[in-house]
Amino acid sequence: MKNIKRVLAVLLVMCMAVGLMAGCGDTAAPSGSTGGTSGGSDNSAPASDGPINMKLFHKFPEIGKGLDYFEGLADDFMSKNPNVKITIEAVSDEEAKSKLRVMMGADSQPDVYFSWCGEFCYKFARAGQAWDMTDYFNADTEWKDSFMAAALDPCTLDGKLYGIPFRLIGKTFVYNKAMFDERNMKAPTTWEELMTICQTFKDEGIEPIAFGNLQPWPACHYITGFNAGCVPSEVRQKDYNYATGEFTDPGYVTALGYLKELGDKGYFSNGFNSVIHDVASENFKIGKNPLFYCETGEYGGLMDQGLEIGVFPMPELDEKGDKNYIVGGPDCFMISSKSNCPETGMEFLKLLTSKEWMEKMITDLDYPVPVKGVLNENNANYALVEAMKYVEEADALINWLDTDVHTKVSDAYLPAMQEMLNGTLTPEQVMEKVQEAAQIVKTEEA
């Protein structure tokens, strides 16, 4: 049986080679190499009689970090494939969301592009703008088996794979260990304990939680978790589906009440709706705030000058939703259906997710990765190792709301939450706006 499977895999790669020669213009057949993270693959692009020009789009423009990483990766790939020329465009997080939507509607799409998982990538697949990776990916069983299954699911729609995950982000609270130790505090395990800690710091004149919500995605990350804890999962799944969403469950108002409570009680840093997330991060780093709700990929920047931090997940809520969950999900790269070199793009992504470059992602960027057996105490900071244990032990990984619902629903939800935190809308009024947007989406899609 194993021999039959190997033969079928080889035949599949040979068939793709024939298709590439017929449909890719200046490219020829893929090499058919396999091996993935074990080093069996030489990460060579399909052979070609002429140059292959490939455009790469990502959201890591930081000089000395993400930008250097992807430039180094591209240089490595081009050194292995002299006939390939990679052009890179990198923009910031918020700009990437709007720019991707514009580019996907134009003819000048990047061949390989960053995407959030869930609905954000599904809409590209439904619109026919994403290349179906399924057969090419399945043909390399060693590469396929190197991934955590939970990281592949959010990139899969109707049984077809449209994205390759390259990092796995979780959202946790971090706390200043020195500030906690001075008060004999321990990491909270319940919502009530978290509220007590916040009140203790506030009574001392210290703003408890660093928070910057000028760009409203940080509040979105809070409500992602609160919705999961307050609304039954089957209801959320129905509502987050653009074709069936109603958002009438009372748990959504309850969830907003938890977020509003943090603002109303003064537990967030002052002026949070006029401060960006990066400023909040710096305030936590210098000891202005003892708590910060942030992504696992941010730990390294917080600790780069010796700050000692502790980690704990968002405490469970005594409500009707999920328990033992972590907010977060994988980020992925997709390939445009208009690309003339999709197999070359796949070989590039195979190099990205190789053991060598996954380890480099951990050591250089402090990002957790979705490839099994790579992250450990020898290459990751202690906080990241601790947080990934929470991720691995969680019963559910709850994808970011703003990438898991339709764009028009998200565009109503996030600004309305800002208004609620400013005191100009109630939780009920926020949900009225969300319900209106959901109804518009259903009508338009129908």
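The values are calculated or read from the model by the stated rules, or taken from the named source; none is laboratory data. Nothing here was measured: the structure is a model prediction, and the numbers come from that model. In this analysis, Cβ positions are derived from the backbone assuming ideal geometry, glycine residues included, and neighbour counts consider all displayed protein chains. Just so you know, the surface numbers come from the protein's heavy atoms only, side chains and all, with ligands and any DNA or RNA stripped out. Shrake-Rupley method; radii C 1.70, N 1.55, O 1.52, S 1.80 Å.
So the values come out like this:
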{"read-out": "Within region 205-341: Cβ-based charge dipole about Cα centre, in debye rounded to nearest 20 (Lys, Arg +1; Asp, Glu -1)", "value": "200 debye"}
{"read-out": "Mean separation of Cα contacts under 8 Å, 6 or more apart, over the residue count of region 192-335: relative contact order %", "value": "38 percent"}
{"read-out": "Whole-angstrom gap from region 157-196 to region 399-446, using each part's C-alpha centre", "value": "25 Å"}
{"read-out": "Relative contact order [Cα under 8 Å, 6+ residues apart], the chain, whole percent", "value": "24 percent"}
{"read-out": "Inter-site label distance for D278 and D395 at 7 Å from Cα along Cβ, in nm", "value": "4.0 nm"}
{"read-out": "For region 145-277: relative contact order, % (alpha-carbon pairs under 8 angstrom, 6 or more apart)", "value": "27 percent"}
{"read-out": "Set of aspartates and glutamates with alpha-carbon distance to K350 below 17 Å, sequence-local pairs under 8 removed", "value": "D42, E71, D75, D76, D111, D132, D135, D140, E142, D145, D331, E359"}
{"read-out": "Shape category assigned to region 288-420 from the gyration tensor of Cα positions, a/c cut at 1.5", "value": "oblate"}
{"read-out": "Calculated [θ] (222 nm, deg cm²/dmol) that DSSP helices of n ≥ 4 give over the chain, each run adding -39,500 (n - 2.57)", "value": "-14500 deg cm²/dmol"}
{"read-out": "With Cα atoms, 0 to 90° folded angle of helix 66-80 axis to the chain main axis", "value": "10 degrees"}
{"read-out": "Dipole magnitude (debye, nearest 20) for region 379-446, charges at Cβ of Lys, Arg, Asp, Glu", "value": "100 debye"}
{"read-out": "R0 of 25 Å, Cβ-Cβ distance K65-D411: FRET efficiency to nearest 0.05", "value": "0.25"}
{"read-out": "Alpha-carbon centroids, region 274-334 and region 102-149: separation in whole Å", "value": "28 Å"}
{"read-out": "Pairwise FRET efficiency - T134 versus K99, Cβ, R0 = 22 Å, nearest 0.05", "value": "0.20"}
{"read-out": "Nearest 10 degrees, 0 to 90: helix 217-230 Cα axis against the chain principal axis", "value": "80 degrees"}
{"read-out": "Accessible carbon and sulfur surface of the chain relative to its total accessible area, %, 1.4 Å", "value": "50 percent"}
{"read-out": "Degrees, to the nearest 10: 407-422 long Cα axis against longest axis of the chain", "value": "20 degrees"}
{"read-out": "Global form of region 209-273, assessed from the alpha-carbon gyration tensor, a/c cut-off 1.5", "value": "prolate"}
{"read-out": "Backbone N under 16 Å from the N340 label point (7 Å along Cα→Cβ), restricted to region 71-99", "value": "83-87"}
{"read-out": "Modelled FRET efficiency - R0 45 Å, E182 with E436, Cβ distances, 0.05 increments", "value": "0.40"}
{"read-out": "Restraint check, K144/K389; K97/K186; K55/K355, Cα-Cα greater than 28 Å", "value": "K97/K186"}
{"read-out": "The chain, dipole about Cα centre (Lys/Arg Cβ +1, Asp/Glu Cβ -1), debye to the nearest 20", "value": "800 debye"}
{"read-out": "Residue among F272, I326, S354 farthest towards the positive dipole end of the chain, charges placed on Cβ", "value": "S354"}
{"read-out": "Prolate/oblate/rounded call for region 44-178, Cα gyration tensor, a/c under 1.5 rounded", "value": "rounded"}
{"read-out": "Projected label distance in nm at N422 and K320, using a 7 Å step from Cα toward the beta-carbon", "value": "3.2 nm"}
